[in-house]
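Just below is one structure, and these are the notes that go with it.
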């Protein structure tokens, strides 16, 4: 049993307030979360049911033109330009007037992510902490996704599929840690989709993956998949080869290379495959691999719940395929959230950070706030779970 | 490579940044100090504050590394100043 009420809320309030700052990739997010102080949390395992209320959840995404990705330096500059404005706006929305009295903890992403953007946000977090005399908590980005997903969906102990632009992991909780059961050996699934979107020169707005999903829906030849490598390696995945192979096909298609027998009919030279078909096949292929390792992880830990988090988790087709797999298992349940909570945001950092804070985990020295590009999910001791 | 070339940090710069109060200068110093330098053999920074002035001393192996390092520290200082201006 865990006592989430070890640290009482500041100023004799009967609720906690946490500000979360997220900036590990091209999204800058500021979120404010409120937890009521409830007696039931004093001796229970209810970290998935905090009664959290989102007072504000603001996000600003650094957008690049079609065919271009985001670079660390430019992304950091974007975050620096917007960070203070976003914090101000979030506090106004949440009705916080005096942060010294009204905020219990400031949570920031310590990693994993791109170094420069992470650093530009932590500078603002440290300054606020000293200005307001509010403690800091550093949060692992992946744990943020997991805890937000659990709070929203009320999934008690799910197998977590964390799929985003920088991470692809299958995670399950055991003995105070979120253990990684399987992960990508090279690039993340979101990275694979984003880079294919760059090859196709389709817009990055609202997100490259979303645009691929929309194209895939319009695929005219859904009955015949374009063959791509299927690279599940034990519990792990490899996606760079798939990207190279689908990139090659797209380039042949744009160049009208009739010698390519997959794309053009051998005799008539007629085009058999469209860009939409490539998007469809790429998605089907990648998602099938994810479903396979997720199902195996579920069998491992004897779980029947799946929680999908991360930016790619918004993909309805992935949710559909996962739901189908769950349906075939006894009492299988799938949990997913919408784009407010799937895509990187500040409230998830606030949620995970507040759990840590309520267990007494605060930064005692600024040397603990140094951001890190590599920060694995299983390095975090999940004190708030039983 | 026969001998390891010993580089000395001969290129230096000192910035004095005035804040409105002593407290603000000390906040800025505390915020900037913890971050490690990626290549300490090429570039070093020391932060200190005296009354309402923050002193930043840079030492580097050449002017290019110095320029890059200084500009990134100034970027961070801008964020700190904006945060102090807008959120205190």
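Tabulated data
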item: Only listed residue being within 13 Å of chain A (Cβ to nearest Cβ) and under 14 Å from the mean Cα position of the chain (by Cα), chosen from B:72, B:60, B:88; result: B:72
item: Qualifying residue in region A:57-72 (condition: within 30 Å of residue A:386 (Cα to Cα), assigned by TED's automatic domain parsing to the domain that holds residue A:19 and in contact (Cβ under 8 Å) with a residue 60 or more places away in the chain); result: yes
item: Complete set of residues in region A:100-120 that are facing chain B (nearest Cβ under 9 Å) and either touching a strand residue (DSSP E or B) at 6+ places or on another chain (Cβ under 8 Å) or not in a helix (DSSP H, G or I) (or both); result: none
item: Residue A:243, sole failed condition from (1) assigned to a helix (DSSP H, G or I); (2) over 22 Å from residue A:166 (Cβ atoms); (3) under 29 Å from the mean Cα position of the chain (by Cα); result: (2)
item: Among (1) in a helix (DSSP H, G or I); (2) within 14 Å of another protein chain (Cβ to nearest Cβ); (3) surrounded by 21 or more Cβ atoms within 10 Å (Cβ to Cβ), the one test that residue A:85 misses; result: (3)
item: Selection from region A:65-82 of residues that are crowded, with 19+ Cβ neighbours inside 10 Å and either more than 14 Å from chain B (Cβ to nearest Cβ) or in a loop (DSSP other than H, G, I, E, B) (or both); result: A:70
item: Breaking point among (1) outside any loop (DSSP other than H, G, I, E, B); (2) closer than 17 Å to residue A:160 by Cβ, for residue A:368; result: (2)
item: Identity of the residue in region A:354-369, under 24 Å from residue B:36 (Cα atoms) and touching a residue at least 60 places away in the same chain (Cβ under 8 Å), that ends up nearest to the other protein chains (Cβ to nearest Cβ); result: A:366
item: Test: residue in region B:30-41 that is in contact with a helix residue (DSSP H, G or I) (Cβ under 8 Å, 6 or more places away or on another chain), outside any loop (DSSP other than H, G, I, E, B), in contact (Cβ under 8 Å) with a residue 60 or more places away in the chain and within 14 Å of another protein chain (Cβ to nearest Cβ); result: no
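The values are calculated or read from the model by the stated rules, or taken from the named source; none is laboratory data. Note that the structure is a prediction, hence the values are computed from the model and not measured. A quick note on method: Cβ atoms are made from the backbone with ideal geometry, for glycine too, and the neighbour counts reach across all protein chains shown.
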